[in-house]
Amino acid sequence: QVQVVESGGGLVQPGGSLRLSCAFSRVNFSIYTGVWYRQVAGNQRELVATVTISGVTVYADSVKGRFTGSRDNAKNTLYLQMNNLKPEDTAVYYCTLTHGLTNYWGQGTQVTVSS
């Protein structure tokens, strides 16, 4: 059974930084695309960043230039470095691995940006 441990959320002031991590186990991590989503209660889930198998990352326009997605295949871990955070970045952030019809989700971590 695949295990996922998502961490790194918290409360930060506007302009601050956080780094989210998702550590996966019992999965062939390197063949999966990694995706970060976020969701505000009552709103649709928003795609934030896609980290391809080769490590190339594609970003939503709302986070370009501020967020950096990456992966470490040796550690089976996805990362999302978030800089210059804004109040509108407040959400629950989820990581997922996807390959064909198979998806593995993290449990979600709350990010709150507030002064």
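Could you check the stretch 44-59 and list, in sequence order, the residues that are free of Cβ contacts under 8 Å to residues at least 40 places away in the same chain and at negative phi?
Taking the stretch 44-59 and keeping what is free of Cβ contacts under 8 Å to residues at least 40 places away in the same chain, we get 44, 47, 49-59.
Selection gives Q44, L47, A49, T50, V51, T52, I53, S54, V56, T57, V58, Y59.
Take the residues of the stretch 35-63 that are among the charged types (D, E, K, R) and open to solvent by 80 Å² or more (accessible area, probe 1.4 Å): which is farthest from L20 (Cα to Cα)? Outline the logic, then answer.
Of the residues in the stretch 35-63, the ones among the charged types (D, E, K, R) are 38, 45-46, 61.
From the residues that got through so far, the ones that are open to solvent by 80 Å² or more (accessible area, probe 1.4 Å) too are 45, 61.
On the way: R45: 17, D61: 19 Å.
For the stretch 35-63, the residue satisfying everything is D61.
May I ask you to list the residues in the stretch 1-45 that are more than 19 Å from A74 (Cα to Cα), in contact with a Ser or Thr (Cβ under 9 Å, 6 or more places away or on another chain) and assigned to a loop (DSSP other than H, G, I, E, B)?
Selection gives G8, G9, Q13, P14, V40.
Can we say S30 is among the hydroxyl-bearing types (S, T, Y) and surrounded by fewer than 12 Cβ atoms within 10 Å (Cβ to Cβ)?
Values: among the hydroxyl-bearing types (S, T, Y): yes; surrounded by fewer than 12 Cβ atoms within 10 Å (Cβ to Cβ): yes.
When the stated conditions are applied, S30 passes them.
Of everything in the stretch 64-81 that's outside any strand (DSSP E or B) and open to solvent by 30 Å² or more (accessible area, probe 1.4 Å), which residue is nearest to Y93 (Cα to Cα)? Give the derivation first.
Of the residues in the stretch 64-81, the ones outside any strand (DSSP E or B) are 64-66, 73-76.
The next check asks that each one be open to solvent by 30 Å² or more (accessible area, probe 1.4 Å); those that pass are 64-65, 73-76.
Details: K64: 16, G65: 18, N73: 21, A74: 23, K75: 20, N76: 18 Å.
That would be K64.
Within the stretch 84-113, take every residue that is among the polar types (S, T, N, Q) and open to solvent by 60 Å² or more (accessible area, probe 1.4 Å) and give me the one that is farthest from G34 (Cα to Cα). Quick ask: steps written out before the conclusion?
If we filter the stretch 84-113 for residues that are among the polar types (S, T, N, Q), which is where we start, we get 84, 90, 96, 98, 102-103, 107, 109-110, 112.
Pick out the ones that are also open to solvent by 60 Å² or more (accessible area, probe 1.4 Å) and you get 84, 103, 107, 110.
On the way: N84: 23, N103: 10, Q107: 15, Q110: 19 Å.
Per the criteria, the residue is N84.
Please go through (1) open to solvent by 30 Å² or more (accessible area, probe 1.4 Å); (2) more than 13 Å from the chain's Cα centre (by Cα); (3) not β-branched (V, I, T) for S7 and return the number of the only condition it doesn't satisfy.
Result: S7 passes all but (2).
When you look at Y93, is it part of a strand (DSSP E or B), within 19 Å of G10 (Cα to Cα) and in contact (Cβ under 8 Å) with a residue 60 or more places away in the chain, yes or no? Write out each step before concluding.
Working: part of a strand (DSSP E or B): yes; within 19 Å of G10 (Cα to Cα): yes; in contact (Cβ under 8 Å) with a residue 60 or more places away in the chain: yes.
Yes; evaluated as a whole, the condition is true for this residue.
Specify which of the listed residues (R26, R38, R66) is basic (K, R) and farther than 18 Å from P87 by Cβ.
Details: R38 fails: farther than 18 Å from P87 by Cβ; R66 fails: farther than 18 Å from P87 by Cβ.
Matching residue, one of R26, R38, R66: R26.
Within the stretch 10-27, work out how many residues are at positive phi and open to solvent by less than 40 Å² (accessible area, probe 1.4 Å).
Total satisfying the criteria: 1.
The values are calculated or read from the model by the stated rules, or taken from the named source; none is laboratory data. Computed from a prediction, not measured in an experiment: that's the story for all the values here. Every residue, glycine among them, receives a Cβ derived from its backbone with ideal geometry; neighbour counts consider all protein chains shown. Side chains are part of the model used for accessible areas, which takes the heavy atoms of the whole protein and leaves out ligands, DNA and RNA. Shrake-Rupley method; radii C 1.70, N 1.55, O 1.52, S 1.80 Å.
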